[in-house]
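Structure first, then comments.
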Amino acid sequence: MRRALRTVPHYRERYAATGTLPPLTRDEARLRRHLLMPLDAALLPRRDPGRPPREHVAELREALRLAGHPLRGVDVYEVTRASRDPVRAYGTTWRVLLDATAETDGGPGRRTPPDGPALVVGDPGWADGPWPDGVVAVARFGLAAAAGARPAPGSLWYEPWLGYLGAVAAGCGELHLNTARVHARTLDGGTVLTLLKRRRPTFVHAEPEGGGAFRPERCPRHGGPVLRSVRRR
Ligand SMILES: [Zn+2]
């Protein structure tokens, strides 16, 4: 956070005006994206390569481990709107399946089920299947959806603008945070998130949709940081 105050224009400006870092909404992040880049790593649209796929894959892998999915000997397919070359990492091949809404040259994306042992990570509806034998569907959810319906054990917490941040652990059913990636705290009556490893853009006190329905607490069974619904106590 101190580094963000020192090096990221958006936070410098906000802090100078108010002496605090108010929640950062998704709309604000989109409009001020260029101001969320550190001064030494400004956004250059023509040359900006975006986020390296390996970083994304590392984050997804950590969420799958938190959820308790064994990865040995399986390929992982992620349902996305954009195509990406397969990534070979951690003894697994990480592929994408195009979402039905993806824009492709050949009309709408087609749902081609994987064959062989695989995990398919997608939004509810996509994750439901039916899938062939050996294929396990893993649902991902955002906090806004989780506030309405409790996510199933084994599903992944994913915010489209922030990434894979945690998972509902199979053993305890609690929404565990990936503590290497994200820190949660309450601010102005809601839960805000600070991403610990990502600097371009830098997210401090990002306010996920639905964050007001959750509070950071400790897992009663494992002791690690979890988010729990305010209403379900
Ligand atoms: Zn737990």
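The values are calculated or read from the model by the stated rules, or taken from the named source; none is laboratory data. Small disclaimer: the values here were computed from a predicted structure and weren't measured. FYI the Cβ positions are ideal-geometry reconstructions off the backbone, even for glycines, and counts take in every protein chain you see.
Summary table below
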read-out: Qualifying residue in the range 42-54 (condition: crowded, with 16+ Cβ neighbours inside 10 Å and touching a residue at least 12 places away in the same chain (Cβ under 8 Å)); value: no
read-out: Meets criteria (touching a Gly at 6+ places or on another chain (Cβ under 6 Å), farther than 22 Å from Tyr77 by Cβ and away from the ligand (no atom under 16 Å from the Cβ)) for Gly211; value: yes
read-out: Residue among Leu60, Leu64, Leu97 that is buried (at least 16 other Cβ atoms within 10 Å of the Cβ), outside any helix (DSSP H, G or I) and not basic (Lys, Arg); value: Leu97
read-out: Any hit, the range 147-160, residues being farther than 23 Å from Leu71 by Cβ, surrounded by 16 or more Cβ atoms within 10 Å (Cβ to Cβ), small (Gly, Ala, Ser) and not assigned by TED's automatic domain parsing to the domain that holds Thr7; value: yes
read-out: The range 21-41, subset exposed (fewer than 12 other Cβ atoms within 10 Å of the Cβ) and modelled with pLDDT under 90, residue nearest to Thr186 (Cα to Cα); value: Leu39
read-out: Pairs, first closer than 16 Å to Ala144 by Cβ in the range 199-227, second within 10 Å of the ligand (Cβ to nearest atom) and hydrophobic (A, V, I, L, M, F, W, C), C-beta under 9 Å, six or more apart; value: Phe214/Leu175; Leu227/Leu175
